[in-house]
1. For residues that are of a type in the set (A, V, I, L, M, F, W, C) and within 11 Å of the ligand (Cβ to nearest atom), scanning just the stretch 218-234, find the one that is nearest to the chain's Cα centre (by Cα).
2. Residue under question is residue 387, and the condition is that it be in contact with a Lys or Arg (Cβ under 9 Å, 6 or more places away or on another chain) and either at pLDDT 75 or above or surrounded by 10 or more Cβ atoms within 10 Å (Cβ to Cβ) (or both); does it hold?
3. When the residues of the stretch 75-119 are filtered to those that are touching a helix residue (DSSP H, G or I) at 6+ places or on another chain (Cβ under 7 Å) and among the aromatic types (Phe, Trp, Tyr), which remaining residue is modelled with the highest pLDDT?
4. Limited to the stretch 126-145, what total is found for residues that are touching a residue at least 24 places away in the same chain (Cβ under 8 Å) and either exposed (fewer than 15 other Cβ atoms within 10 Å of the Cβ) or touching a strand residue (DSSP E or B) at 6+ places or on another chain (Cβ under 7 Å) (or both)?
5. Would you check which residues across the stretch 37-59 are touching a residue at least 60 places away in the same chain (Cβ under 8 Å) and surrounded by fewer than 16 Cβ atoms within 10 Å (Cβ to Cβ) and list them?
6. Taking residue 242 and the conditions (1) touching a helix residue (DSSP H, G or I) at 6+ places or on another chain (Cβ under 7 Å); (2) buried (at least 21 other Cβ atoms within 10 Å of the Cβ), which numbered condition does it fall short on, given that it satisfies the others?
7. Within the stretch 17-33, identify whether any single residue is under 22 Å from residue 170 (Cα atoms), at pLDDT 85 or above, of a type in the set (A, V, I, L, M, F, W, C) and surrounded by 15 or more Cβ atoms within 10 Å (Cβ to Cβ), and answer yes or no.
8. Select from the stretch 205-217 the residues that are within 24 Å of residue 193 (Cα to Cα) and within 15 Å of the ligand (Cβ to nearest atom) and write down the one among them that is surrounded by the most Cβ atoms within 10 Å (Cβ to Cβ).
Amino acid sequence: MERLGHIIHNAVDNDLWCPFRIFRNGSPFSHLFFADHLILYAKADMNQANIIESILTVFGKFSAGALSNSWSDFLLAWSIGNGNSINVFSDIWIPMLGPPRQHLLDPSMASVNLSISDLVSAEGNWDLTVLQTLFTDSAIEHIIGIKCPDPLDGNDRCMWRWTPNHNFVLKSAYMNLVDSIWLPKQAIWKVIWRLNVPQRIRLFLWIAYQQKLMTNAVRHRRNLTVIPHCLNCSNQPETVLHALRDCADSRHCWMQITPSPILHSFSMNARNWISCNISASFLHPFFKLPWNLIFASFTWQLWKWRNDVVFSNDSQSDAALINRNIALAKHFNGSISPPAPLSLPLHTNASTWPPPSSGWHCLNVDGGIALGPRNGRIGGLVRNDKGD
Ligand SMILES: [Zn+2]
């Protein structure tokens, strides 16, 4: 990804990429790497979109999949003209179908460079013989329902995908980005959100549920390591489920603390396992704490434990791990309140400061006191009718 950073910096230095400034004379932002996400900042116009596309395409050829293709799926769609500029497999040109490469009979064809004008017969119609060698039947039904490329129709046109008139509107980009990534409508997030654990554990559970923890299997898929296997047992690919539950050490710990009413979930797939356990709020028969609290805290501890072993060569016994986890769960249970319901209105009426009448001054005061040592502080601000 550093290579991508260099390419973007070069584009900025050569005045091709217009970075974003929070303040008029502030530092320009062009990109931000955050965990395994990449956020790009540029002027919102078609020229910048084309520059971003060309840079990411160049980078994609070198990175062998380190960058997902989903960014281009998100941004743009094509209006068919002569068909010479539209890549059959990587561009969005079939309405209601998304990326065509997802509908190939042979996925390896996705790397072939073919424009849609190559899909037209000598008579000027869609060439069914070619289509049938490339696409599934349902995709072909979509394709033959749209207008065929025609040399007389001029160049193909690239358009914003998410508004009816294909003009770029920031709100449409935001709403589609939020819909595709955050999925707030999923009931599971509401359950995680209500757990009495720190926010970092809620986010950890959410990422685990989405199967996006940076396990070795995920790192291998992204060409960040040569071995997908668990470094702890070397038996299996290190998936989320393997790391958090099925690896021998993890399972050994779980079997010591998991109460019998929830044992059946330990044969479920990852999402059902997480969902089932964080929804189980019964009190643990021995520790007298809500089971979902112990579960949430312990998955987080297990993940930290595994990382400490790999990266710091620092290990602790499973008994110490369990004791520490129960202590933490007790702490969370007594000290952390569930957050406010998500149904709170997003915009509340902000209180405003009314100026005093002309010739008067207003003194606003506030104070606080610590109940333990009973120390207090008070402060005030005097302003005239102009606010000075
Ligand atoms: Zn393992």
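The values are calculated or read from the model by the stated rules, or taken from the named source; none is laboratory data. Note that the coordinates shown come from a computational prediction; the quantities given were computed from them, not determined experimentally. Please note: Cβ atoms are built from the backbone with ideal geometry, for glycine as well, and neighbour counts cover all protein chains shown.
1. Top of the filtered list is 230.
2. No: the conditions fail for residue 387.
3. 89
4. Count: 6.
5. The answer is 44, 45, 46, 50.
6. (1)
7. Checked against the condition, which is being under 22 Å from residue 170 (Cα atoms), at pLDDT 85 or above, of a type in the set (A, V, I, L, M, F, W, C) and surrounded by 15 or more Cβ atoms within 10 Å (Cβ to Cβ), the stretch 17-33 yields at least one hit.
8. That would be 215.
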